[in-house]
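Taking it in order: structure first as structure tokens, then the write-up.
The values are calculated or read from the model by the stated rules, or taken from the named source; none is laboratory data. This one's a predicted model, so the numbers in the text were calculated from it and none came from an experiment. Positions of Cβ are backbone-derived with ideal geometry, glycine not excepted, and every protein chain shown enters the neighbour counts. Keep in mind that these areas ignore ligands, DNA and RNA; they rest on the heavy atoms of the full protein, side chains included. Shrake-Rupley method; radii C 1.70, N 1.55, O 1.52, S 1.80 Å.
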Amino acid sequence: MSKHIFVTGGVVSSLGKGLTSASIGMLLEHRGLTVRMQKLDPYINVDPGTMSPYQHGEVYVLDDGSETDLDLGHYERFTEGKLTRDSNYTTGQIYQSVINKERRGEFLGKTVQVIPHITNEIKSCISKLADEDTDVVITEIGGTVGDIESQPFLEAIRQFSLDIGKENCLYIHLTLVPYLKAAGELKTKPTQHSVGQLREIGIQPDVLVCRTERSLSRSDREKIALFCNVPIRAVIEEKDKDFSIYEVPFSLVDNELDELIVRRLQLPAETLVLDDWQDLMQRLRNPQSEISIAVVGKYAAHRDAYKSIYEAIDHAGIAHCSQVRIQPIQSEQIEAEGPERLLSTYDGILVPGGFGERGIEGKVEAIRFARERNIPFLGICLGMQCAVIEFARNVVSLEGAHSSEFDKESPHPVICLLDDQKTITDKGGTMRLGAQPAELEPGSIAAECYGATSISERHRHRYEFNNVYRQQFAAHNMQFSGTSPDGKLVEIIELTGHRWFVAAQFHPEFKSKPTAAQPLFSGFVGAAVEHHAARSSRSHEASRSDREPWESSS
Ligand code: GLN
């Protein structure tokens, strides 16, 4: 039987519940256990796919095509357990399912209520992940304890331990212990209140993970333990990490959280071996080079909107032992100021995916700059579509070329809707979604990066390269290095004669891990490292040749 860990959050939102849950999952896997992870989101949207990145950060896509909360990205980056549609449920989905059952008459005319019908549905969603192959199911409850919306979820996880036995469930509460400058001390009261609220519902947390700027003293821990009714060793400190999020698991190990979980749930665990993660930290701490990458997008000020992209760049930096400075650049700013001042200092330019017309011309300008200046370029989804538009207009001389997403009247719709997308009117879950196979051209940059010619990557888009233009583009040195197995859909383009110019219709960022950089990201960052080195030795040469003959060269 699987054991269950429930992670709740208190005091404030944005404490990093996702990261903590993912770190716990990673530690348990590194003790030889099989783990499945899940997030229950209290908001009413039926799927996170329709939510604005402004509000909720990126939409994270799984192999099975489900569009999920970005915390699932943390889960996949930290752990190996497979994530599926069952790994993320929202209040909207829960209610929709209960209402559908009611419509089908499954409740036999009974009054349908939050307790037991909604809570039963939530419990059945949690149970879906439990099976004989899974040692631990980790369920993170979104939101903050005390929110009206989270109540049914908390009620359901309370009931869960009644159903399967207290000894098979562990409740971890993540809380904030703020430092009050005026008082010169850490304050435990918010934690006491938040645990108080949990206990009102009937949940006594087993472990408190305390997010804090400063180390907890022995007396802080004693106080928290006493007031919150937990043993002192279950008061775990999780101090802010300035250096890297990949330090989080190590600080949990320092506090022996893995040991506590294993003992309390009586898990058949092995000793902890963290070699791969130690190697990762070693590389992070000892970079051999430093480069900078410009990410030209629409949501420059919202780091969560491109979360997986920034992470994937970091992973590629780790693989190349290079410290990568990522600079988000608002594409509209390029429209206003031109690319020269904004982009000329970067070692690589990346244009991410997106929807809507705002900032498109700035992206096209940025890509032209990367192409003409021979700067390593990686385009992703909309980034590939913009690269196609740029190439059409400026290389193939197709005036007015555009995507039919943005210009229905374009004389050259080089990016267009596929026939099976033309009849779709619903917005939620109707794109080309999830893992799809692709075949790569032997000898291409893409095939070299992957070290393979058959790959699978995740998609999330409606528009595609318009095949009418394939030959014309190929005649101008655009290589279609990746296509769907039937050859009909263009999945990767690259430019021959350019230092490194690759763009993909899929989203490679969703399959990158800190311990295994995604191949295209790795190729891109590798090219940027080389470009940087070549540039610095050129400028070194230039400054030498600037010297007058009588100047010393030392
Ligand atoms: N808007 C484009 C499409 O739907 C690109 C989507 C994306 O970048 N994810 O095809």
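What to note about this one:
- Looking at LYS223, LYS241, just one residue is in a helix (DSSP H, G or I), basic (Lys, Arg), modelled with pLDDT under 95 and within 29 Å of LEU180 (Cβ to Cβ), and that residue is LYS223.
- Filter result for ARG432 (basic (Lys, Arg), surrounded by fewer than 21 Cβ atoms within 10 Å (Cβ to Cβ), within 16 Å of the ligand (Cβ to nearest atom) and free of Cβ contacts under 8 Å to residues at least 40 places away in the same chain): yes
- Flag for ILE313 being within 16 Å of the chain's Cα centre (by Cα), within 22 Å of ALA527 (Cα to Cα), open to solvent by less than 20 Å² (accessible area, probe 1.4 Å) and within 14 Å of the ligand (Cβ to nearest atom): no
- Among the residues of segment 166-189, the ones that are in a helix (DSSP H, G or I), in contact (Cβ under 8 Å) with a residue 40 or more places away in the chain and open to solvent by 40 Å² or more (accessible area, probe 1.4 Å) come to 1 in all.
- Only one of the numbered conditions (1) under 17 Å from GLY379 (Cα atoms); (2) out of contact with any helix residue (DSSP H, G or I) (no Cβ under 6 Å at 6 or more places or on another chain) is violated by GLU337, and that is (1).
- Number of residues in segment 375-389 that are outside any helix (DSSP H, G or I) and within 12 Å of the ligand (Cβ to nearest atom) equals 3.
- All of LYS408, LYS427, LYS422 fail the test of being closer than 30 Å to PRO48 by Cβ, in contact with a Ser or Thr (Cβ under 6 Å, 6 or more places away or on another chain), modelled with pLDDT under 95 and within 16 Å of the ligand (Cβ to nearest atom), apart from LYS427.
- Strands (runs of 3 or more DSSP E) contained entirely in segment 466-523, each with at least 2 residues that are polar (S, T, N, Q): 478-483
- Candidate set from segment 392-413 (those that are on the phi < 0 side of the Ramachandran plot and among the polar types (S, T, N, Q)); member that is nearest to the chain's Cα centre (by Cα): SER403
- Residue satisfying all of: in segment 343-363; open to solvent by 10 Å² or more (accessible area, probe 1.4 Å) and touching a helix residue (DSSP H, G or I) at 6+ places or on another chain (Cβ under 6 Å); modelled with the lowest pLDDT among these: GLY354
- Hits in segment 453-470 - residues which are open to solvent by 20 Å² or more (accessible area, probe 1.4 Å) and near the ligand (Cβ under 8 Å from one of its atoms): ARG460, ARG462, TYR463
- Among the candidates PHE501, PHE506, residue that is within 16 Å of the ligand (Cβ to nearest atom), crowded, with 23+ Cβ neighbours inside 10 Å and of a type outside the set (Asp, Glu): PHE506
- Condition check for SER219: farther than 23 Å from LYS166 by Cβ, surrounded by fewer than 22 Cβ atoms within 10 Å (Cβ to Cβ) and free of Cβ contacts under 8 Å to residues at least 24 places away in the same chain: yes
- Unmet requirement for ARG373, which otherwise passes all of (1) buried (at least 21 other Cβ atoms within 10 Å of the Cβ); (2) under 22 Å from ALA446 (Cα atoms): (1)
- Yes/no for SER553 being modelled with pLDDT under 95 and either among the hydroxyl-bearing types (Ser, Thr, Tyr) or surrounded by 13 or more Cβ atoms within 10 Å (Cβ to Cβ) (or both): yes
- Candidates ALA452, ALA435, filtered to the one that is in contact with a strand residue (DSSP E or B) (Cβ under 9 Å, 6 or more places away or on another chain), at pLDDT 95 or above and either polar (S, T, N, Q) or outside any loop (DSSP other than H, G, I, E, B) (or both): ALA435
- Tally, over segment 222-232, of residues that are within 22 Å of VAL262 (Cα to Cα) and open to solvent by 40 Å² or more (accessible area, probe 1.4 Å): 3
- Candidate set: segment 267-297, residues that are part of a loop (DSSP other than H, G, I, E, B) and in contact with a strand residue (DSSP E or B) (Cβ under 8 Å, 6 or more places away or on another chain); chosen: the one most open to solvent (accessible area, probe 1.4 Å): GLN288
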